[in-house]
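See below for the structure under consideration.
No value in this document is a laboratory result; all are computed from the given coordinates. Just so it is clear, the structure is predicted and the values come from calculations on it, not from any experiment. When we count neighbours, we look across all protein chains shown, and the Cβ atoms used for this are built from the backbone with ideal geometry, even at glycine.
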Amino acid sequence: MNMSELMKQAQQFQERLATVQNELGGKQVTGSAGAGMVTATVNGKGELLEIVIEQALVQPDNTQMLQDLIVAAVNDGLNKAKELGKAEMGRLTGGLNIPGLF
């Protein structure tokens with residue numbers, strides 16, 4: 001394989017990588033906590049899009065638990081987004097783990 005062919009393949013890979021990253025921005029996952037009383041929707045890029053809190057949790061004497069549930073739901077959503085990204089990148093790389101890609 002010559003250098004020109006190698007550069008061409010690298011450019012094609014970079015283009016496919018950009019396409020996958022753009023597609024991840026359009027995909028959504030939802031994390032939850034407290035048996036679904038708090039949900040956090042995150043896109044495939046790891047951006048928080050929405051938090052939904054059941055009305056029953058919104059009470060002045062309940063703020064610490066509510067805060068904990070929000071953190072847990074967001075972390076759950078971010079973990080799911082990370083796994084989605086790994087799966088999509090795995091398809092692109094044929095399962096080859098390339099450090100720094102995701």
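Here Thr93 and Ala72 are evaluated by their C-beta separation; at R0 = 30 Å the FRET efficiency comes out at 0.45. Residues Val58, Val42, Val29, arranged from fewest to most other Cβ atoms within 10 angstrom of their Cβ, appear as Val58, Val29, Val42. Remark: region 42-95 carries a charge dipole of roughly 400 debye about the Cα centre, counting +1 on each Lys and Arg Cβ and -1 on each Asp and Glu Cβ.
Estimated from helical segments only, the mean residue ellipticity of the chain at 222 nm is -19500 deg cm²/dmol, where each DSSP H run of four or more residues counts as -39500 (n - 2.57). Where [x] 22, 14, 12; [y] 40, 11, 9; [z] 22, 18, 12 are the candidate values, the label of the one calculated here for semi-axes √(5λ) of the Cα gyration tensor in Å is [y].
Given Cβ point charges of +1 (Lys, Arg) and -1 (Asp, Glu) and nothing else, what value in debye, to the nearest 20, does the dipole of the chain about its Cα centre take?
Using only the charged Cβ atoms, the result is roughly 460 debye.
For the chain, the longest principal axis of the alpha carbon atoms and the long axis of helix 63-93 meet at an angle near 20°.
The mean sequence separation of alpha-carbon pairs under 8 Å and at least six residues apart, normalised by the residue count of region 1-89, gives a relative contact order of 30 percent.
In terms of packing, defined here as the mean over residues of other Cβ atoms within 10 angstrom, the peptides 4-17, 75-88 line up highest first as 75-88, 4-17.
Between Lys27 and Gly44, the built amide H atoms are under 5 Å apart, and every one of these is 5 or more places off in sequence or on another chain.
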